[in-house]
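Novice: Handing you a structure now.
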Amino acid sequence: LQRPRLAHDIDYVIVHKLDRLARSREDDVSIVMDIRTAGAQLVSASENIDETPSGMLVHGIMATIAEFYSRNLSVEAKKGMSQKAKVGGTPHLAPIGYRNAPAMVEGREIRTVIIDPERAPHVRWAFETFVTGEWTLSQLTDALEERGLLSLGNRRYPPSPLHRSKVHRMLRNAYYVGIVTYNGAQYPGRHEPLIDLELFEDVQAVLDQRSKGKEKPVKRTHYLK
């Protein structure tokens, strides 16, 4: 059973710095109000804040600076990723069929993208098979699972078969023809393409036809179709 809370059970909430507590002014105000409602006082080990008018002024200034730093850092990070995409780099995790890997360039380590020898053949097969127009996305998804195609996985999630929605996104991803897409803009990538542009465009045409309902694939092959 949870122990009943006593009045003034906690007298102080101590933080190293205010920017470790909250990175937005709104969150800071909400947290401070909750602390005061509980009858406690916020104390910073690195800044001179208290309940006096001058202490509250310093608190407000420091909280505003923390919010500015957080937002500015986000903007600079996005600018860096955008610049990376413009020069052909990959500012995100590589899609299935590729791997993010370290490489040494002029004595320093950089992150690059290489073809995944285990998964790339399955990705090529998926494009080459779907372009025939004789497979549904569900059939292709099941076939890829039977072939043994699994996601890379990570520390939280083990490798697993692809869902139908992920197979659809894979077939729509221009990354496989050497194009990097970031914030709606496309740039020539430095990575090696897995398929040629003609095959990719033909697959897009099949997907577009399916979305408009002009043609329904069948499970059997009609040779005079």
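Novice: What list of ³J(HN,Hα) values in whole Hz, one per residue of region 92-97 in order, does the Karplus curve 6.51 cos²θ - 1.76 cosθ + 1.60 (θ = phi - 60°) give from phi, with Gly and Pro shown as x?
Specialist: 8, 5, 5, x, 4, x
Novice: I'd like the Kirkwood hydrodynamic radius of region 51-95, using the inverse of the mean 1/r over distinct C-alpha pairs, in Å.
Specialist: Values: mean 1/r = 0.0770 Å⁻¹.
When all Cα pairs of region 51-95 are included, the Kirkwood radius is 13.0 Å.
Novice: Just to be sure I understand the model, the point goes 7 Å from the Cα along the line to the Cβ. What's the resulting Glu201 to Ile10 distance in nm?
Specialist: Placing both labels 7 Å beyond Cα along the Cβ direction yields 6.2 nm.
Novice: Can you compute 3J(HN,Hα) from phi for each residue in region 193-203, using the Karplus curve 6.51 cos²θ - 1.76 cosθ + 1.60 with θ = phi - 60°, rounded to whole Hz and x for Gly and Pro?
Specialist: x, 8, 9, 8, 5, 4, 5, 4, 5, 5, 5
Novice: Further, regarding this structure: Whenever you get a sec, compute what percent of the accessible area on the chain sits on carbon and sulfur atoms (1.4 Å probe).
Specialist: C and S atoms contribute 54 percent here.
Novice: Same structure, new question: As a test, work out the antiparallel percent of DSSP beta bridges whose residues both lie in the chain, rounded to the nearest 5. Walk me through the numbers before you get to the answer.
Specialist: Values: 12 of 16 bridges.
Approximately 75 percent, going by the DSSP bridge assignments.
Novice: Select from Gly55, Gly133, Gly148 the residue whose mean-square fluctuation is largest in a Gaussian network model of the chain (Cα-Cα springs shorter than 10 Å).
Specialist: It is Gly55.
Novice: Counting other Cβ atoms within 10 Å of each Cβ, which trypsin sites (Lys or Arg not before Pro) in region 1-94 have at most 11 and sit in a DSSP loop? Don't skip to the answer; put the middle values down first.
Specialist: Details: sites: Arg5, Lys17, Arg20, Arg23, Arg25, Arg36, Arg71, Lys78, Lys79, Lys84, Lys86; in loops: Arg5, Lys17, Arg23.
Loop-located and lightly packed - Arg5.
Novice: Further question on the same structure: Would you mind calculating the relative contact order of the chain from Cα pairs under 8 angstrom and at least 6 residues apart, reporting the percent as a whole number? Kindly include the intermediate steps, with their values, before the conclusion.
Specialist: Values: 260 pairs, mean separation 35.0, N = 225.
Worked out over the chain, it gives 16 percent.
Novice: Here's something else I'd like to know. Given a Förster distance of 22 Å, report the FRET efficiency between Leu137 and Glu192 from their Cβ-Cβ distance, rounded to the nearest 0.05.
Specialist: Working: r = 26 Å, r/R0 = 1.19.
Computed FRET efficiency for Leu137 and Glu192: 0.25.
Novice: Could you give the radius of gyration (one decimal) and Dmax (whole number) of the Cα atoms in region 2-98, in Å?
Specialist: 19.8, 60
Novice: Return the sequence-ordered ³J(HN,Hα) values of region 23-29 in whole Hz as given by the Karplus equation 6.51 cos²θ - 1.76 cosθ + 1.60 applied to θ = phi - 60°, using x for Gly and Pro.
Specialist: 10, 9, 4, 4, 5, 4, 4
Novice: In debye, nearest 20: dipole of the chain around its Cα centre with unit charges on the Cβ of K, R (+) and D, E (-)? Provide the component values of the computation, followed by the final result.
Specialist: On the way: 32 positive and 28 negative charges, 148 e Å.
That gives a dipole near 700 debye.
Novice: Can you give me the long-range amide H partners of Leu42? Hydrogens built in the peptide plane at 1.01 Å from N, cutoff under 5 Å, separation of 5 or more residues or another chain.
Specialist: Val13
Novice: Taking amide H atoms as placed 1.01 Å from N in the peptide plane, list the residues 5 or more away in sequence, or in a different chain, whose amide H sits under 5 Å from that of Val180.
Specialist: Result for Val180 returns Tyr187, Gly189.
Novice: With a Förster radius of 35 Å, plug the Cβ-Cβ distance of Thr52 and Lys79 into 1/(1 + (r/R0)^6) and report the FRET value to the nearest 0.05.
Specialist: Between Thr52 and Lys79 the formula returns 0.30.
Novice: Here is a further query. Taking H placed 1.01 Å from N in the peptide plane, check which residues at least 5 places from Val113 or on another chain put their amide H under 5 Å from its amide H.
Specialist: The list, which skips near neighbours in sequence, is Ala101.
Novice: Per DSSP helix of 4 or more residues, -39500 (n - 2.57); summed, then divided by the residues of the chain. What does that give at 222 nm, rounded to the nearest 500?
Specialist: Values: 6 runs with 94 residues, N = 225.
Computed mean residue ellipticity for the chain: -14000 deg cm²/dmol.
Novice: Per residue, what volume in Å³ does the Cα convex hull of region 150-193 take up? Display every interim value, and only then the final one.
Specialist: On the way: hull volume 4.9 nm³, N = 44.
Roughly 112 Å³ of hull volume per residue.
Novice: Can you tell me the equivalent ellipsoid semi-axes for the chain? Use √(5λ) from the Cα gyration tensor, largest first, whole Å. All intermediate terms of the calculation are to be shown ahead of the outcome.
Specialist: Details: eigenvalues 551, 112, 59 Å².
They are 52, 24, 17 Å, listed largest first.
The values are calculated or read from the model by the stated rules, or taken from the named source; none is laboratory data. Predicted model, so just to flag it, every value in this text is computed and none were measured. Counting neighbours? That spans all protein chains shown, and the Cβs are built from the backbone with ideal geometry, glycine included. Only protein heavy atoms, including side chains, enter the accessible area calculation; ligands, DNA and RNA are left aside. Shrake-Rupley method; radii C 1.70, N 1.55, O 1.52, S 1.80 Å.
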